[in-house]
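S.K.: Before I ask anything, let me first share the structure, which is written out below as structure tokens.
The values are calculated or read from the model by the stated rules, or taken from the named source; none is laboratory data. Worth saying up front: this structure is predicted, and the values here are computed from it rather than measured. All Cβ positions, even for glycine, are placed from backbone atoms using ideal geometry, and neighbour counts span all protein chains on display.
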Amino acid sequence: MEKILVIGALGQIGTELTAALRLKYSFEQVIAADLPFPSNGETGYIQLNVLDKPELHALVIREKITQIYHLAAMLSARAEAHPQKAWELNMQGLLNVLDIAKADRLLVFWPSSIAVFGKNGPLINCPQHTVTQPSTLYGISKAAGENLCQYYWEQYGVDVRSLRYPGLISYSSPAGGGTTDYAVDVFHHAARNGRYTCFLKASTRLPMMYMEDAVRATLELMAAPADELTVRTAYNIAAMSFTPIELAHAIAAKLPGFRMSYEPDNRQQIANGWPQSIDDKFARRDWGWRHRYEMPEMVSSMLAGLGQKAV
Ligand code: NAD
Ligand code: AKB
């Protein structure tokens, strides 16, 4: 029987991935772990620090864990403010998981990001295999992490799988300190008071994806036969690419009167180094990836979801 551990389960992705895994398997088969306990008193979570390797290993043995989804990391903007802590969490956390997976033959999911690319790579339709020279601490940790994953697969046969997620958009929990967070924050402000001040320039085009697609991509990659996966660093996946002003127009079409203004801050520099769009043909070929949400469906679903949440 599969027994799954989700680390970082209270974050933006963890909240939704844990729910999807509990639906696919069962509540008891999925252990949701994070540093703090949920602020809303929700049960079904345990406290775990991924940097405490003995504690993590004891949990894996005690619970007979067969798969780990390791989501705990510091995202791009926060990592620039706390580089030392970000490096420790992003690298040591992954190393702990990979070492334990090697010892106990576990299947692992670990997310990478479009942040692995840098200014010297193609900005449009950025291919799977290209220059990765990131200029952020976060991107450097993701590029190193991808290579570690490939190394553990090639040297030790650890079946670790990864996706280069674009900016993810969801309403269930807040975004966690990244550069694409504006595309989540804007919906909360739009629904509350019809105004939003964006921290990126109106014309900043970035790859994005609705959370439902991202969670489905994760489950599909993890269910794919190992011998059909030709990428052991991390797969490019893509859905939509848009600018803040295009998103503002799409929201205003549903919420007449909505206004976005622009006050770019230090996150603009991070965004300038990332690709505007992604070529994901390897994911489409190897395990049949197809996105479902374009911007109009994503905007409708976000506004409907936030409306329901407010009720
Ligand atoms: P998040 O910041 O929302 O969640 C991370 C969770 O990890 C938090 O709940 C935090 O409490 C937990 N955590 C932090 N330190 C921990 C520790 N020492 N031990 C255990 N848990 C700890 O992040 P997210 O947006 O859910 O991202 C999850 C993963 O996906 C990260 O690796 C991130 O780089 C990657 N990713 C996210 C996006 C996105 O748009 N959200 C895009 C690309 C990649
Ligand atoms: C961030 O902005 O840091 C994340 C990411 C794209 O990795 N959303």
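Yes/no matrix, rows are residues, columns are (1) part of a loop (DSSP other than H, G, I, E, B); (2) in contact with a helix residue (DSSP H, G or I) (Cβ under 9 Å, 6 or more places away or on another chain):
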{"position": "14", "(1), (2)": "no, no"}
{"position": "19", "(1), (2)": "no, yes"}
{"position": "31", "(1), (2)": "no, yes"}
{"position": "37", "(1), (2)": "yes, no"}
{"position": "51", "(1), (2)": "yes, yes"}
{"position": "68", "(1), (2)": "no, yes"}
{"position": "72", "(1), (2)": "yes, yes"}
{"position": "78", "(1), (2)": "no, yes"}
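S.K.: Within the stretch 15-32, take every residue that is within 14 Å of residue 109 (Cβ to Cβ) and touching a Phe, Trp or Tyr at 6+ places or on another chain (Cβ under 8 Å) and give me the one that is nearest to ligand 1 (Cβ to nearest atom).
M.R.: Looking at residues that are within 14 Å of residue 109 (Cβ to Cβ) and touching a Phe, Trp or Tyr at 6+ places or on another chain (Cβ under 8 Å), I get 17.
S.K.: All but one of (1) more than 12 Å from ligand 1 (Cβ to nearest atom); (2) not assigned by TED's automatic domain parsing to the domain that holds residue 299 hold for residue 162; state the number of the condition that does not hold.
M.R.: (1)
S.K.: Can residue 212 be described as loosely packed, with under 15 Cβ neighbours inside 10 Å and modelled with pLDDT of 95 or more?
M.R.: No, not satisfied.
S.K.: Only residues that are outside any loop (DSSP other than H, G, I, E, B) and in contact with a strand residue (DSSP E or B) (Cβ under 9 Å, 6 or more places away or on another chain): list them for the stretch 216-235, please.
M.R.: 217, 218, 221, 222, 226, 235 - these are the residues of the stretch 216-235 that are outside any loop (DSSP other than H, G, I, E, B) and in contact with a strand residue (DSSP E or B) (Cβ under 9 Å, 6 or more places away or on another chain).
S.K.: Which residue, of 4, 31, is of a type in the set (A, V, I, L, M, F, W, C), in contact with an Asp or Glu (Cβ under 7 Å, 6 or more places away or on another chain) and under 28 Å from residue 164 (Cβ atoms)?
M.R.: 31
S.K.: Of all the residues that make up the stretch 153-199, how many are over 24 Å from residue 128 (Cβ atoms), touching a residue at least 60 places away in the same chain (Cβ under 8 Å), more than 10 Å from ligand 2 (Cβ to nearest atom) and not in a strand (DSSP E or B)?
M.R.: Final tally of qualifying residues: 12.
S.K.: For the stretch 64-94, give me each residue that is of a type outside the set (Lys, Arg) and under 12 Å from residue 136 (Cβ atoms).
M.R.: 74, 75, 76, 77, 79, 80, 81, 83, 86, 87, 90
S.K.: How many of the residues in the stretch 251-265 are crowded, with 18+ Cβ neighbours inside 10 Å and either out of contact with any Cys (no Cβ under 8 Å at 6 or more places or on another chain) or small (Gly, Ala, Ser) (or both)?
M.R.: The qualifying residues number 2.
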